[in-house]
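These notes concern the structure reproduced below.
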Amino acid sequence: MATNLQFIKKFTASSGVSYLDTPDLFTATYDVYYWTITKFNVSGDEVFEMKLLDSSNSVIESNYYWSSLQLKSNTSFNEAENHNRPKIDFMAELDGDDEKNIGFSGYIFNPYTSSTYTYGNVQASGMDGSNLFGAKGMWQHQNAEQINGLRLAAQFPVTISTLEVSFFGVK
């Protein structure tokens, strides 16, 4: 895979919103995108989730497949997978303390191509309370359609206090 990252855009959210949408982000210019969250804080401990936005920037609520491996310093690992979900969830555990949320990033493949599935991977590290947490996962949207963007959220009822996510095209 090519490794030349070209900055596209940074999105920010604050003030207790429940999600961040990134409409009209993906184009025919790139087949592969890299994203990284540089700041995030939530109102309590919860897991992070993602949904895709279709060609009219509406949220897609079905046909997600995901699999993840979650590692915690205080217990054994957890391996999970799910089919036909309404979202890509359990990508990372978030702690309500901003200092404990360390790193979160991923790749998205073929989002703008309407004739192929969109898929991606994620990796996260941080703290769950006083315990180290790490995760690695992959996901796929099981409908071939044009994807224009993402919706990033902490699971309800937690709200986002601060979120900054940067997107790059990979050439």
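The values are calculated or read from the model by the stated rules, or taken from the named source; none is laboratory data. Computed from a prediction, not measured in an experiment: that's the story for all the values here. Note: ideal-geometry Cβ built from the backbone for every residue, glycine included; neighbour counts use all protein chains shown.
Quick notes on this structure:
- Subset of the stretch 112-135 that is buried (at least 16 other Cβ atoms within 10 Å of the Cβ), at pLDDT below 90 and not aliphatic (A, V, I, L, M) - its residue that is farthest from the chain's Cα centre (by Cα): Asp128
- Looking across the stretch 48-73 at every residue that is surrounded by fewer than 18 Cβ atoms within 10 Å (Cβ to Cβ) and aliphatic (A, V, I, L, M), the one that is farthest from Lys87 (Cα to Cα) is identified as Leu71.
- The stretch 47-71, residues that are in contact with a Gly (Cβ under 8 Å, 6 or more places away or on another chain) and not small (Gly, Ala, Ser): Leu52, Leu53, Asn57, Trp66, Leu69, Gln70, Leu71
- The stretch 24-47: number of residues that are surrounded by fewer than 14 Cβ atoms within 10 Å (Cβ to Cβ) and modelled with pLDDT of 90 or more: 4
- Condition met for Glu145 (charged (D, E, K, R) and part of a loop (DSSP other than H, G, I, E, B)): yes
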